Amino acid sequence: MKYLTLLLVLGLLIALFAGSSEGSYCPCDLKTKGTQVCGSNGVTFKNRCEFECSQRDYKKLGRTLNIRKDGPCNETN
């Protein structure tokens, strides 16, 4: 019975710490080609996936990040 309780507590601790690191890992392959997007922070992101990873980081800080436009931020015509 002691071992079962110990395993249960250990499992709960692992689940707790594994859940707290959510968002620190970006599953996107950032080398993947895609359409560049300009963020509301003035940064050009390689693709929408890279933008979404940064958007999650901003949200953790209580800030917002939106797409300003498709394409690079400093595009000159």
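Observations
- Volume of the convex hull of segment 35-76 (Cα atoms only), normalised per residue: 49 Å³.
- Dipole of segment 35-76, positive end: most advanced residue of TYR58, VAL37, PRO72 [Cβ charges, Cα centre]: TYR58
- The magnitude of the dipole of segment 35-76, with charges of +1 and -1 set on the Cβ of Lys/Arg and Asp/Glu and taken from the Cα centre, is near 200 debye.
- Taking amide H as placed 1.01 Å from N in the peptide plane, ARG68 has its amide H under 5 Å from the amide H of CYS38, GLY39, SER40, each at least 5 places away in sequence or on another chain.
- Between LYS69 and THR5, the modelled label-to-label distance comes to 6.5 nm, taking each label 7 Å out from Cα in the direction of the beta carbon.
- In sequence order, calculated HN-Hα J values of segment 39-54 (Karplus, 6.51, -1.76, 1.60; Hz; x Gly/Pro): x, 5, 8, x, 9, 8, 9, 4, 7, 5, 5, 4, 4, 5, 5, 5
- Placed amide H near CYS73: partners under 5 Å, 5+ positions off or other chain: THR44
Read-outs throughout are calculated quantities, based only on the coordinates presented, and are distinct from any laboratory measurement. The shown structure was predicted, so the numbers you read here are calculated from the model rather than taken from an experiment. Cβ coordinates were reconstructed from backbone atoms using ideal geometry, including for glycine residues, and neighbour counts include every protein chain displayed.
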